[in-house]
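> My questions all concern the structure below.
The values are calculated or read from the model by the stated rules, or taken from the named source; none is laboratory data. Every value quoted in this text rests on a predicted model; they were computed, and no experiment measured them. Counting neighbours? That spans all protein chains shown, and the Cβs are built from the backbone with ideal geometry, glycine included.
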Amino acid sequence: MFPAPFEPLRGLAPEVSRFALVGGLGYATDVALFNILRALLDTPSLLAKSVSLGVATVIAYLGNHRWTYGHRAISEHAADARRRFLLFVGWSCGGLAMQLGCLSLSHDVLGFDSLLADNVSGNVIGMALATAFRFWGYRTWVFRAAPPPAEAVAAEQGAHDVYGSAR
């Protein structure tokens, strides 16, 4: 299925797919709730965006915790869960900063100020960079797998001789 150079990525495909679906649900929640708050409830734009983004972040966290990275051995201790949620929010804000940076560079520095240019820079280029950044951060820091038990590491090391080849 995968060409030889991409074979190591094969194991990531299901995780990337789940990540994309959860992110899509979070994005749809953000946009829909923002528009409901603005259009139907006449909520001020910054308050509406804050509420919609907050709800979308919680939904994305729960989806990633339970489904995208649910196969990993992750501590359920309350202090670890709080730390993990705060890290998730931090990585989410980092992604947001990347999107805003792309938009600002295009709009304010390069002078591309049309609606199309804003959408391309913020919602295409910025979103692509932010998504890669979030995936790496969530996988590496937020939902990192617990280290293997010492017995498993010792058994694996014992299966190799002095020269590193398997017995």
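> Being in contact with a helix residue (DSSP H, G or I) (Cβ under 9 Å, 6 or more places away or on another chain) and under 24 Å from LEU33 (Cβ atoms): is that true of ALA56 here?
In short, yes.
> Any residue at all in the stretch 76-89 that's modelled with pLDDT under 90, surrounded by fewer than 13 Cβ atoms within 10 Å (Cβ to Cβ), of a type in the set (Lys, Arg) and in a helix (DSSP H, G or I)?
Among the residues of the stretch 76-89, at least one is modelled with pLDDT under 90, surrounded by fewer than 13 Cβ atoms within 10 Å (Cβ to Cβ), of a type in the set (Lys, Arg) and in a helix (DSSP H, G or I), which makes the answer yes.
> For residues that are polar (S, T, N, Q) and in contact with an Asp or Glu (Cβ under 9 Å, 6 or more places away or on another chain), scanning just the stretch 41-59, find the one that is farthest from ARG18 (Cα to Cα).
Checking each candidate, the answer is SER52.
> Does TYR138 satisfy being surrounded by 13 or more Cβ atoms within 10 Å (Cβ to Cβ), aromatic (Phe, Trp, Tyr) and modelled with pLDDT of 85 or more?
yes
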